Amino acid sequence: MSVESVYRSMSDASMTSVPEIEMSQQDERTITEEPASSKVSDSDPSTSQRVKVLKVNRRNEEFSNQYDFSNFKFPDESKGQVLYDDTASCSYNESELSQSCPRQEVLYMEQGKHVQSNGGNEDDDFFEVTIDDVRKMMADLKHGREEHDSKELLTEELRKTRKLERASKYPKVMIRLVFPSRHILQAVFNPLETIKELYALVQEYVAKPFYLFTTPPKTMLKDQSVTLFDAGFAPAARVYVSSDDLTGELLKESSLRLVQDSAAANLCLASVFKIPKQAMMSSKCKEEKLKKFLKIGPKR
């Protein structure tokens, strides 16, 4: 056999075997790739994480295609403004609760034996500390501590809102100012008015320097910036008027000419607090009923 014929036969054999080699390479790639992918997904935890990321990216892409925010911007008119204020929806108006209101004053003489005749001259028993006083002090200390701890957790704005909420439960505060002569000056205030307003009202009726206090225990009302609500005077309270000068009458002569019957004070009190008519049934017991209703009766 010649060299040329041998070369020709080798070329024909190589050409016929090429498709078989290419087929085997494709099959090999398919066989090696498929098990490899399944093996990685089962053993490699990062693969499942990549799948989740791809799904999230696909959803974000679908969302961005549906809603185009590329040209969105906030309006210039509201730049630098607080557009949401949860206290704005609060129905409690601080200005209304702190502004002055019609006093509806009634000056009358209190009837009965349980009247403190002299606010400045208490006997020694008045200043003795009893077991009940100690218990009350301990309870006040505990309450004050709990209130202090709870306030530490609240923001200033939230504390203010809650205070307004509590104060708004008492649209009006009735104060009965008790004089040493057994005269009582009854007047109406808003809950966030201050003790300064009490002093201003009494000043119109007295002829000499005076001071205000509550009892028991005797507590001087020195800080005139305290609100009536913070002082614990809502919805009603008795405040005593006295003077270091005990000679003569504390009230002006012109004030004494304004004295009315106690029924006028009770009717005013009932109208302010909208007390049911059942509490006004009998003229004989209406004074005690009203005092019991508002817990402002004299201390026995």
message: Suppose we keep only residues that are assigned to a helix (DSSP H, G or I) and surrounded by 10 or more Cβ atoms within 10 Å (Cβ to Cβ) within the stretch 77-111. Which one would you say is modelled with the lowest pLDDT?
response: GLU94
- prompt: Based on what the data block shows, is GLU193 at pLDDT below 95, within 19 Å of PHE273 (Cα to Cα), of a type outside the set (A, V, I, L, M, F, W, C) and touching a helix residue (DSSP H, G or I) at 6+ places or on another chain (Cβ under 8 Å)?
  reply: yes
- request: Go through the stretch 195-227 and give me each residue that's in contact with a strand residue (DSSP E or B) (Cβ under 7 Å, 6 or more places away or on another chain) and touching a residue at least 60 places away in the same chain (Cβ under 8 Å).
  value: GLU197, LEU201, TYR205, PHE213, THR215, THR227
- prompt: When THR247 is evaluated against the numbered criteria (1) in contact (Cβ under 8 Å) with a residue 24 or more places away in the chain; (2) more than 24 Å from SER100 (Cβ to Cβ); (3) among the polar types (S, T, N, Q), which criterion, by number, is the only one it fails?
  reply: (1)
task: Return yes or no: is ARG176 in a helix (DSSP H, G or I), at pLDDT 70 or above and closer than 30 Å to GLU105 by Cα?
output: no
statement: ALA237 vs (1) hydrophobic (A, V, I, L, M, F, W, C); (2) under 22 Å from LEU97 (Cα atoms); (3) part of a helix (DSSP H, G or I): all pass except (3)
query: In the stretch 197-212, is there at least one residue being buried (at least 16 other Cβ atoms within 10 Å of the Cβ), part of a loop (DSSP other than H, G, I, E, B) and acidic (Asp, Glu)?
result: no
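The values are calculated or read from the model by the stated rules, or taken from the named source; none is laboratory data. Being a predicted model, the structure only gives us computed values, none of them experimental. Note: ideal-geometry Cβ built from the backbone for every residue, glycine included; neighbour counts use all protein chains shown.
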